[in-house]
Amino acid sequence: MAFIKNAWYVACWDAQVKPGEMFHRTLLDQQVVFYRKQNGEPVALQDRCPHRFIPLHLGTIRGDAIECGYHGLQFDCSGKCVKNPHGDGKIPAAAKVRSYPVHEKHGMLWIWMGDEIANPDQIPDYRVLEPNSGYRTSTGGYIHINANYELMAENLLDLSHITYLHDGLLGSPEQVGADQVVKEEGTHILCNRWMPNVGVPGIFDMLYKRDGKHVDMWTNMRWIPPSSFILDSGVHVPGGEREDKGWYYGVHILTPETERTTHYHFAAALPSGTVMSEDEATQYAELRRFAFEEQDKPMLDAQQSALGDSNFWDMKPVLLSVDAGPVRMRRALERMLEEEQRSVEAKSGKKEQVTSV
Ligand code: FES
Ligand SMILES: [Fe+2]
């Protein structure tokens with residue numbers, strides 16, 4: 001399976017790339033090393049020396065360049081070899097590594113791995129995570145998922161599972177009857193659930209101080225292709241109105257690592273009226289981590305291992321009403337991938353024509 005490449009993906013939280021240190025990760029099946037130039041700007045290079053294929057992260061940062069730890073070739077931040085310490089010092093034409101556009105935004109380091117021109121204006125809007133946004137934030141969440149990112153994306157877009165998998169924590173039994181309304185806004189898909197007069201799930205009881213009494217609850221999830229999400233979820237008294245507390249924005253962002261593994265970054269932003277002690281804030285973050293890491297992850301890992309290498313549609317999955325959003329999302333991803341592949345083929349066709357003329 002191929003990945004959509006012409007898109008911004010989160011490589012890591014920006015604090016993970018520390019001055020003077022290298023950070024490496026596999027993204028879209030490619031090994032990438034990150035470091036910072038002396039002026040602090042982040043750099044992303046292919047993490048494989050073209051000489052004997054040693055990962056460059058085993059080397060040393062020299063100024064704004066990286067020196068391979070095996071025989072000392074040096075590569076600058078554009079991926080060009082700038083020093084060959086051997087023989088006459090001549091630099092072979094093939095001595096270069098790929099460099100990737102990166103951009104720091106909303107506390108995350110975003111990477112562009114496609115061939116089209118990277119435009120940072122296309123990075124999804126997560127300004128609610130900015131320190132001056134007026135929201136109380138909980139950031140830095142990361143989980144490694146042993147499943148394809150599309151399986152994880154379905155988990156996020158269709159939140160009907162909270163009644164079962166996160167019962168008592170993020171969901172409650174009465175929610176199962178909720179209507180799921182699926183809408184499209186441009187390229188975004190929204191999956192909105194409205195759940196009137198339901199038991200208050202633990203995490204919302206903590207935010208809204210409802211002492212276990214019933215609430216009206218909503219979960220409105222927005223998918224921003226190919227793999228970014230923002231959830232608006234909360235509660236208020238039955239028949240009441242949204243207040244400046246009792247809800248939050250959940251940020252969920254997926255980056256394919258390999259066909260069968262995914263980097264999952266998550267964060268939250270709470271409105272200013274949220275009354276929470278430091279202990280409660282820690283507990284809130286911990287409850288979310290628990291839900292994602294100890295409830296969602298085992299389910300996803302088991303799902304991928306049950307699917308093995310089979311194609312999802314070839315397995316003929318049973319479709320339920322709650323699958324409307326995920327199916328639209330899968331179809332949209334298929335279309336994006338086809339378009340991207342057509343444009344790559346068209347470009348390579350043009351190149352061949354030019355070569356043969
Ligand atoms: S493997 Fe990098 S210089 Fe030889
Ligand atoms: Fe979940």
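The values are calculated or read from the model by the stated rules, or taken from the named source; none is laboratory data. Nothing here was measured: the structure is a model prediction, and the numbers come from that model. Positions of Cβ are generated from backbone atoms using ideal geometry, with glycine treated the same way; all protein chains shown enter the neighbour counts. Surface areas here come from the heavy atoms of the whole protein model, side chains and all, with no ligands, DNA or RNA. Shrake-Rupley method; radii C 1.70, N 1.55, O 1.52, S 1.80 Å.
Would you be able to say whether some residue in region 280-292 is of a type in the set (Lys, Arg), within 16 Å of ligand 2 (Cβ to nearest atom) and either open to solvent by 80 Å² or more (accessible area, probe 1.4 Å) or in a helix (DSSP H, G or I) (or both)?
Here is the first cut: in region 280-292, the residues of a type in the set (Lys, Arg) are 288-289.
Then drop every residue that is not within 16 Å of ligand 2 (Cβ to nearest atom), which leaves 288-289.
Now restrict to residues that are either open to solvent by 80 Å² or more (accessible area, probe 1.4 Å) or in a helix (DSSP H, G or I) (or both): 288-289.
Yes - at least one qualifying residue is present in region 280-292.
I'd like the full set of residues that are open to solvent by less than 40 Å² (accessible area, probe 1.4 Å) and over 14 Å from SER99 (Cβ atoms), limited to region 37-48.
Within region 37-48, GLY40 is the sole residue that qualifies.
In region 211-229, how many residues are in a loop (DSSP other than H, G, I, E, B) and either crowded, with 18+ Cβ neighbours inside 10 Å or of a type in the set (Ser, Thr, Tyr) (or both)?
Step one: of region 211-229, the residues in a loop (DSSP other than H, G, I, E, B) are 211-214, 225-227.
Remaining after also requiring either crowded, with 18+ Cβ neighbours inside 10 Å or of a type in the set (Ser, Thr, Tyr) (or both): 225-227.
Qualifying residue count, region 211-229: 3.
Mind checking which residues of region 142-161 are open to solvent by 10 Å² or more (accessible area, probe 1.4 Å), within 11 Å of ligand 2 (Cβ to nearest atom) and assigned to a helix (DSSP H, G or I)?
Result: GLU154, ASN155, LEU159, SER160, HIS161.
Please determine, by comparing only the residues of region 59-73 that are more than 9 Å from ligand 1 (Cβ to nearest atom) and free of Cβ contacts under 8 Å to residues at least 24 places away in the same chain, which one is surrounded by the most Cβ atoms within 10 Å (Cβ to Cβ). Outline the logic, then answer.
So in region 59-73, the residues more than 9 Å from ligand 1 (Cβ to nearest atom) come out as 60-66.
Checking the rest, the ones that are also free of Cβ contacts under 8 Å to residues at least 24 places away in the same chain come to 60, 62, 65.
Details: THR60: 13, ARG62: 14, ALA65: 22.
It comes out as ALA65.
Write out, first by first residue and then by second, each pair whose Cβ atoms fall under 8 Å of each other, whose residues are 6+ apart or on separate chains, and whose first residue, in region 287-300, is under 16 Å from ALA267 (Cα atoms) and within 16 Å of ligand 1 (Cβ to nearest atom) while the second is open to solvent by less than 40 Å² (accessible area, probe 1.4 Å) and not in a helix (DSSP H, G or I).
none
Quick check on this structure: which one of VAL327, VAL318 is part of a helix (DSSP H, G or I), β-branched (Val, Ile, Thr) and more than 29 Å from ASP14 (Cα to Cα)?
VAL327
If only one of LEU190, LEU109, LEU170 is touching a residue at least 12 places away in the same chain (Cβ under 8 Å) and touching an Asp or Glu at 6+ places or on another chain (Cβ under 7 Å), which one is it? Before you say what the answer is, go through the steps one by one.
Working: LEU190 fails: touching an Asp or Glu at 6+ places or on another chain (Cβ under 7 Å); LEU170 fails: touching an Asp or Glu at 6+ places or on another chain (Cβ under 7 Å).
Exactly one of LEU190, LEU109, LEU170 is touching a residue at least 12 places away in the same chain (Cβ under 8 Å) and touching an Asp or Glu at 6+ places or on another chain (Cβ under 7 Å), namely LEU109.
Could you tell me whether THR139 is crowded, with 19+ Cβ neighbours inside 10 Å and within 15 Å of the chain's Cα centre (by Cα)? Outline the logic, then answer.
On the way: crowded, with 19+ Cβ neighbours inside 10 Å: yes; within 15 Å of the chain's Cα centre (by Cα): yes.
It is true that THR139 is crowded, with 19+ Cβ neighbours inside 10 Å and within 15 Å of the chain's Cα centre (by Cα).
Scan region 244-279 for residues that are open to solvent by 70 Å² or more (accessible area, probe 1.4 Å), part of a loop (DSSP other than H, G, I, E, B) and not hydroxyl-bearing (Ser, Thr, Tyr) and report the count. First the steps, then the outcome.
Pass one, region 244-279, residues open to solvent by 70 Å² or more (accessible area, probe 1.4 Å): 244, 259-260, 272, 275, 278-279.
Applying the additional criterion that residues be part of a loop (DSSP other than H, G, I, E, B) yields 244, 259-260, 272, 275.
Next, only the ones that are not hydroxyl-bearing (Ser, Thr, Tyr) stay: 244, 259-260, 275.
The total comes to 4.
Please go through (1) over 30 Å from ASP309 (Cα atoms); (2) open to solvent by less than 20 Å² (accessible area, probe 1.4 Å); (3) away from ligand 1 (no atom under 16 Å from the Cβ) for TRP13 and return the number of the only condition it doesn't satisfy.
(2)
Restricting the search to region 16-36, which residues are open to solvent by less than 10 Å² (accessible area, probe 1.4 Å) and either over 23 Å from CYS68 (Cα atoms) or in contact with a Ser or Thr (Cβ under 8 Å, 6 or more places away or on another chain) (or both)? Outline the logic, then answer.
Restricting attention to region 16-36, the residues satisfying the condition of being open to solvent by less than 10 Å² (accessible area, probe 1.4 Å) are 17, 27-28, 32-35.
Correct list: LEU27, LEU28, VAL32.
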